[in-house]
1. Points 7 angstrom from Cα along the Cβ direction at ARG43 and ASP61: gap in nanometres?
2. Return the single residue from GLU111, GLU34, GLU119 with maximal mean-square fluctuation; model: Gaussian network over the chain, springs between Cα atoms under 10 Å.
3. Relative to the longest principal Cα axis of the chain, at what angle does helix 38-48 sit, 0 to 90 degrees, rounded to 10?
4. Using label points projected 7 Å from each Cα along Cα→Cβ, tell me how many nm separate GLN126 and ALA139, to one decimal.
5. Compute log10 of I(q)/I(0) for the range 4-127 with the Debye formula, placing one identical point scatterer on every Cα and leaving out solvent, at q = 0.14 Å⁻¹, to two decimals.
6. In whole percent, how big is the carbon plus sulfur part of the accessible area of the range 4-127, probe 1.4 Å, protein atoms only?
7. What does the highest-first list of 8-19, 121-132 look like by mean Cβ count within 10 Å?
Amino acid sequence: MRRVTVRRSPVHGKGVFALRPLAAGERVLEYKGERMNWREAVRRHQRYGIEGHTFLFGLSDGRVIDGSRGGNSARWLNHACNANCETVEDGERVFIETTTDIAAGEELFIEYRLVVDEEIDDATRQQYACHCGRAGCRASMLGDVV
Ligand SMILES: [Zn+2]
């Protein structure tokens, strides 16, 4: 039985929702997509003008996974601070695991924590602003904000 589904989200665009109750620590999805460095990802978004930030996931080594290329339903996961899921890097693969019990019908969130290894200008900061409104919101989807 499928555990999650993709449908329209009240937060942003589409989102990923639980089809049945999930226990904390369940591995629900793999985050698939093409790996590239940050600069390449930004260049691509500027060229194609897509809402690319919602498809980017930052890896601990500074690269990102672009879920818009070769991705699966994990690319629809919205960002929220104090998210109910976390990403676990397992070798070259990345998995989405629940960090808390989640009720059927609830939306799943991860923290994007994009790492930028260059100076962030205002336009970039604006593009990656967080409006999740949850307690402790960091107001940014970037992992390291200067
Ligand atoms: Zn937030």
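1. For ARG43 paired with ASP61, the spin-label model returns 1.9 nm.
2. Maximum among the listed residues: GLU119.
3. Roughly 90 degrees, rounded to the nearest 10.
4. Modelled inter-label distance: 1.6 nm.
5. Taken in order of the listed q values, log10 I(q)/I(0) reads -0.58.
6. Numbers: 2790 of 6270 Å².
Carbon plus sulfur share of accessible area: 45 percent.
7. Details: 8-19: 15.2, 121-132: 13.3.
By packing density, highest mean first, the sequence is 8-19, 121-132.
The values are calculated or read from the model by the stated rules, or taken from the named source; none is laboratory data. Since the structure is predicted, the reported quantities are computational estimates derived from the model, not experimental observations. As a convention, Cβ positions derive from the backbone with ideal geometry for all residues, glycine included, and neighbour counts pool all protein chains shown. We work out accessible area using only protein heavy atoms, side chains counted, and drop any ligands, DNA or RNA first. Shrake-Rupley method; radii C 1.70, N 1.55, O 1.52, S 1.80 Å.
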